[in-house]
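Shown next, in structure tokens, is the structure this report addresses.
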Amino acid sequence: MLWGSLLFGYFRSLGLDKQVLILALGRFVSGIGSGLTMFYAPIFFVNVAGIPAANVGFGLGMGGLAGVLGRIAGGSLSDHAQCGRKGALMLACLTLSIGAFCFASTDSFLVFLVGNILSGLGIGLYWPAAESMVSDLTGEHKMNEAFGLSRMADYAGLGIGVVAGGLVIGAHAAYRLLFLFDAVSFLALLAFIVWGTRETLDLTTAHSHRAGLVSNWVTALKDRKLALYAVLNLFFTNNVLQMSSTLPLYTSRLPYMTGTASSVAVIFSFYIVLVSFLILPISRKASRSAKTRALMLACLAWLAAQVLTAFLPALSASQSMVIALSILSVSIFAFANALYGPAASSLVVELAPPSARATYLSVNSLCWGLAGTVGPAVGLALIDKGAMPTLFYWLGLALFNVFCIAGLYWLECLKRK
């Protein structure tokens, strides 16, 4: 109880709107639910539900496509006076909850496919609305800290969920129960939104600009600064996605790491905990500088981490050395990813006109969907080709960060004009 009071007092000292804290608490609860199923979903669908692996891959692909459509709809609905941020968030939570209930009751490919489509739509609807509401409630100088708090809640919930999910599966193998908890966590987030927040869309501005389902997208597509940022953000998001796709498998195949799945799990659990602790203090520190400068620093950190990762096989003289260098690598990734999230969202808010804020943020979210469709697949394919393709893959990612730094400098020049 004392620790809870101290923690709440610390968050209040950030000077953020109470609704931002309520949203963060809701995201923490839903993050626990997502963490419960994060690593165990494919195992359940193939080994328990009996769905062929190829069909699981197809279903996940359809979920990704639904996510792209959901992000487009989420931005438009969040900027529309008849729906707004709160309406879009409520619809997202209901859709995600129904999707999780479908997963819990999966006994055929059709139910699994419906669950994937609903989950993809829900995630797409959620992100533009959630980030728009946070930005609406926050002044320019506190924007980075508000996004940092939200991301910290996501990561902290995710970390607890991953650990709890492992304990449940280890003791009872109750996969369906995890999905039921996930569904309930989204209903809990819905309750936080319904009773803890108000609509933050400026209805006067929305009506005066006649914000519709198409007009804001026309504005966004004509914005050269947003177009440049979107191209750069495809590379940024691909860097972040390495942590949940290519890097764990690559680490498990390093010298002395074969057959040590527990060591790999410890390394990436450490990553989640470290990001949770780093993200808020880093976002507070970075709020005093230009967002493009913060992203340049993130690019430098990604570059260093990827170069180190590329040469891990050559530097691995013993198992303890492999583990130590892997922890160093994921620590640098954690610093870069903690720096990236709040700075990227804050930069998009700076670029967006108030009447199209959610539409611009949905472009930011679309980059995740597009990068997630291509990036991990390319990385996983290349590390199956042998040592040299893997080396060039990591060094190629590092080189892209050099180009991204140049692109960020160009974006800063466009902003000044």
**Report entry** Dipole moment magnitude, nearest 20 debye, the range 15-201 about Cα centre, only Lys, Arg, Asp, Glu C-beta charged
**Finding:** 140
Report summary line: Per the chain, sqrt(5λ) over the Cα gyration tensor eigenvalues, sorted largest first, in Å, gives 32, 27, 22
Query - Extended-chain gain in nm, criterion 0.36 nm per residue less alpha-carbon gap, VAL374 and TRP410 - result: 10.4 nm
Report summary line: All alpha-carbon distances of the range 360-417, grouped into 5 Å bins from 0, give the whole-percent distribution 4, 15, 14, 20, 20, 13, 8, 5, 2, 0
Requested in this report: Distance between Cα centroids, the range 32-61 to the range 66-83: provide it in whole Å.
Outcome: 27
Query raised in the report: Taking each full run of DSSP H in the chain as one helix, which ones are at least 18 Å long along their axis (Cα atoms) and have mean Kyte-Doolittle hydropathy of at least -1.0?
Result: 18-37, 53-78, 84-104, 109-136, 143-172, 175-196, 224-241, 261-286, 291-310, 319-351, 357-383, 387-416
**Report entry** Computed label-point distance, nm, for sites ALA171 and PHE311 using a 7 Å Cα→Cβ extension
**Finding:** 4.6
Query raised in the report: At a Förster radius of 60 Å, what calculated FRET efficiency corresponds to the Cβ-Cβ distance of ALA387 and ARG224, to the nearest 0.05?
Result: 0.90
Query raised in the report: Which order do peptides 166-179, 19-32 fall in by mean Cβ count within 10 Å, highest first?
Result: 19-32, 166-179
Report task. Could you calculate the FRET efficiency of LEU300 with GLU350 from 1/(1 + (r/R0)^6), where r is the beta carbon distance between them and R0 is 22 Å, rounded to 0.05? Result -> 0.55
Query raised in the report: Tell me, Kirkwood radius of the range 268-417 from alpha-carbon pair distances, in Å?
Result: 17.0
Requested in this report: Set Lys and Arg Cβ to +1 and Asp and Glu Cβ to -1, take the dipole of the range 116-211 about its Cα centre, and tell me which of GLY170, TYR155, SER185 lies farthest positive.
Outcome: GLY170
Report summary line: Partner lysines whose C-alpha sits under 19 Å from that of LYS417, ignoring same-chain residues fewer than 8 away, are LYS222, LYS225, LYS291
Report summary line: Kirkwood calc, the range 15-201, C-alpha pairs only, radius in angstrom 16.7
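Within 10 Å, count the other beta carbons around each residue, average over each peptide in 390-402, 331-343, and list them highest first. Spell out each step's value before the answer.
Working: 390-402: 18.4, 331-343: 24.8.
Answer by packing, highest mean first, reads 331-343, 390-402.
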Report task. Compare the Cα positions of MET388, ILE327, SER355 along the charge dipole of the range 216-416 (+1 at Cβ of Lys, Arg; -1 at Cβ of Asp, Glu; about the Cα centre) and return the one farthest towards the positive end. Result -> SER355
Requested in this report: Set the Förster radius R0 to 30 Å, insert the Cβ-Cβ distance between ALA164 and VAL46 as r into 1/(1 + (r/R0)^6), and round the FRET efficiency to 0.05.
Outcome: 0.85
Report task. Could you rank the peptides 86-98, 147-159 by their average count of other C-beta atoms within 10 Å per residue, with the highest value first? Result -> 147-159, 86-98
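No lab work stands behind these numbers, since they all come straight from the coordinates. All figures in this text were calculated on a predicted structure; none of them were measured in a lab. With ideal geometry, Cβ positions are generated from the backbone for all residues, glycine too; neighbour counts draw on all protein chains shown.
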